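Here the structure comes first, spelled out in structure tokens, and everything after it is commentary.
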Amino acid sequence: MQSINGTVRVFRKIPLTRSLWARNFSSKLFIGGLSYDTNETVLKNAFEKHGEIIEVRVIAHHVSGKSRGYGFVRFTSEASAIAALKEMHSQVLDGRNIRVEFAHKG
């Protein structure tokens, strides 16, 4: 419970499946914690078993070209993205535990 300006707000944890239904679905995932050696081919190979992929991007520094340690994977369907999120979050890829979340617009 939290009080802000005299208003009491109650926060509770919502199971993953319910929280997914409560938000706008997306087929684009943010992948954080990537090894600086992970490239787009490695990322695609790791995620393609969960569904058809439209786009894979590993974000690199615009001058040096070195990976910034995160990227994005976009699936053709929301169901594939949900399956990939559930299976790949906290898994080891190229020696690093990765974070998988829905990508936020904005």
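Each reported figure results from applying straightforward, stated rules to the coordinates on display, with no laboratory input. Everything quoted here is computed from the prediction, not taken from an experiment. Cβ coordinates were reconstructed from backbone atoms using ideal geometry, including for glycine residues, and neighbour counts include every protein chain displayed.
Extent along the principal axes, Cα only, for the stretch 24-102: 36, 23, 21 Å, with the longest axis given first.
Computed from point charges on the beta carbon alone (+1 for Lys and Arg, -1 for Asp and Glu), the dipole magnitude for the stretch 42-106 about its Cα centre is near 280 Debye. The stretch 89-106 and the stretch 23-53 have Cα centres spaced 8 Å apart.
For residue 52, what is the net charge nearby, where nearby means another residue's Cβ is under 15 Å from its Cβ and Lys, Arg count +1, Asp, Glu -1? Don't skip to the answer; put the middle values down first.
Working: positive: 28, 44, 49, 74; negative: 48, 55, 78.
Cβ neighbours under 15 Å give a net charge of +1.
For Cα pairs less than 8 Å apart in space and 6+ apart in sequence, what is the mean separation divided by the residue count of the stretch 24-102, i.e. the relative contact order in percent?
43
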